[in-house]
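**Q** One structure is given below, represented as structure tokens, and several questions about it will come after.
The values are calculated or read from the model by the stated rules, or taken from the named source; none is laboratory data. Owing to the predicted nature of the structure, the values given are computational and were not obtained by experimental measurement. Here the Cβ is made from the backbone with ideal geometry for all residues, glycine too, and neighbour counts use every protein chain on show.
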Amino acid sequence: MKKITEKDIKNNIGNLPFSFEIFDVIDSTNSYARRIVDNSCDKRVIISDMQTNGRGRVGREFYSPSDNGIYMSVILKLDKSFDDLTLFTVAIASITLKAIEKVAKKTCEIKWVNDIFLDNKKVCGILCENILSKDTKNVEYIVVGIGINVKSTENFPENILPVAGALCEVDRNVLISEILKGIFEMSQDYELRKYLPFYKEKSLVLHKNITFENNGVTYEGKVVDINDSGNLEVELLDGSIKTIKSGEIRLSLDNIY
Ligand code: BTN
């Protein structure tokens, strides 16, 4: 695969005010971002060709072999309350999906909250981590971590092989650039609500039957809406509505998700 270089990315993003650190190998770009974060880090992009300890949501590993994918973290400096940011992951998933569809010329879907699927296989995972201000308890920085399987899933471990997919023919520099353009646009006003209609349009779970666990109880129901906070509204078998704010859900008919 073509190497990821600052020069190639800059050729595509023009004069957008991002700065870059690009590694051949690192433990995790998100962990590195959290180690270095300070006032000078707004719009710092950390990319690695490989991660030895790529991290996913809920403590999972994100398999990150060399010469195969995109593993990037973008540090954004902001000063916002949690309430202003409930749709942040909705926005990032929408931006990333739009960039993938444009560059890979393929149609994808978003599995709530922010996994991106192509042909029913996960091609991208997103891990956003908030860093709070000690004084105001507002969110002062967000580390936006994006992992994309680009070349193939050949040699992936057996446990993730059934669920993992790859984009195939894509220039990583071009895809990274498209994502950064979208993130820059979002950071201009953080009007996150405007991403919701597109997110719903691309949802893999809206109007589908799902199962999920809550306090050790397994529930079954149909997703009837994704509300203005990005939460799932699920109609349970008894007709009542339950709002799910976090956690993992499964599509009922296909438990491999
Ligand atoms: C998930 O699938 O649960 C989220 C995966 C997020 C992976 C990306 S790769 C770049 C960044 N660094 C990490 O350690 N994780 C994120």
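**Q** Kindly indicate whether Thr107 is under 24 Å from Val170 (Cβ atoms), within 15 Å of the ligand (Cβ to nearest atom), of a type in the set (S, T, N, Q) and surrounded by fewer than 24 Cβ atoms within 10 Å (Cβ to Cβ).
**A** Values: under 24 Å from Val170 (Cβ atoms): yes; within 15 Å of the ligand (Cβ to nearest atom): no; of a type in the set (S, T, N, Q): yes; surrounded by fewer than 24 Cβ atoms within 10 Å (Cβ to Cβ): yes.
The answer is no for Thr107.
**Q** Select from the range 143-185 the residues that are part of a strand (DSSP E or B) and buried (at least 22 other Cβ atoms within 10 Å of the Cβ) and write down the one among them that is nearest to the chain's Cα centre (by Cα).
**A** Step one: list which residues in the range 143-185 are part of a strand (DSSP E or B), which gives 143-149, 164.
Adding the requirement that they be buried (at least 22 other Cβ atoms within 10 Å of the Cβ) leaves 143-149.
Working: Val143: 11, Val144: 8, Gly145: 7, Ile146: 5, Gly147: 7, Ile148: 9, Asn149: 12 Å.
The selected residue is Ile146.
**Q** Could you run through the range 69-79 and say how many residues are surrounded by 15 or more Cβ atoms within 10 Å (Cβ to Cβ), of a type outside the set (A, V, I, L, M, F, W, C) and away from the ligand (no atom under 12 Å from the Cβ)?
**A** To start, the set of residues in the range 69-79 that are surrounded by 15 or more Cβ atoms within 10 Å (Cβ to Cβ) comprises 69-78.
Add one more test, that the residue is of a type outside the set (A, V, I, L, M, F, W, C), and what stays is 69, 71, 73, 77.
If we keep only those that are away from the ligand (no atom under 12 Å from the Cβ) as well, we get 77.
Count: 1.
**Q** Any chance you could count how many residues in the range 47-73 are within 18 Å of Asn155 (Cβ to Cβ), touching a helix residue (DSSP H, G or I) at 6+ places or on another chain (Cβ under 9 Å) and not in a loop (DSSP other than H, G, I, E, B)?
**A** Number satisfying all stated conditions: 4.
**Q** When the residues of the range 205-257 are narrowed to those that are under 15 Å from Asp115 (Cα atoms) and of a type in the set (Gly, Ala, Ser), which ends up surrounded by the fewest Cβ atoms within 10 Å (Cβ to Cβ)?
**A** This residue is Ser246.
**Q** Continuing with this model, one more query. In the range 42-58, what residues are surrounded by fewer than 18 Cβ atoms within 10 Å (Cβ to Cβ) and among the acidic types (Asp, Glu)?
**A** Asp42
**Q** Could you list all residues from the range 42-68 that are modelled with pLDDT under 95 and either among the basic types (Lys, Arg) or more than 12 Å from the ligand (Cβ to nearest atom) (or both)?
**A** Within the range 42-68, Arg57, Arg60 meet the criteria.
**Q** Given the structure, is Asn39 on the phi < 0 side of the Ramachandran plot and either among the aromatic types (Phe, Trp, Tyr) or crowded, with 16+ Cβ neighbours inside 10 Å (or both)?
**A** On the way: on the phi < 0 side of the Ramachandran plot: yes; either among the aromatic types (Phe, Trp, Tyr) or crowded, with 16+ Cβ neighbours inside 10 Å (or both): no.
Answer is no for this residue.
**Q** While we're here: Checking the conditions here, which among Val174, Val163, Val139 is within 16 Å of the ligand (Cβ to nearest atom) and at negative phi? If you could, list the steps in order and put the result at the bottom.
**A** Numbers: Val174 fails: within 16 Å of the ligand (Cβ to nearest atom); Val139 fails: within 16 Å of the ligand (Cβ to nearest atom).
Result of the check over Val174, Val163, Val139: Val163.
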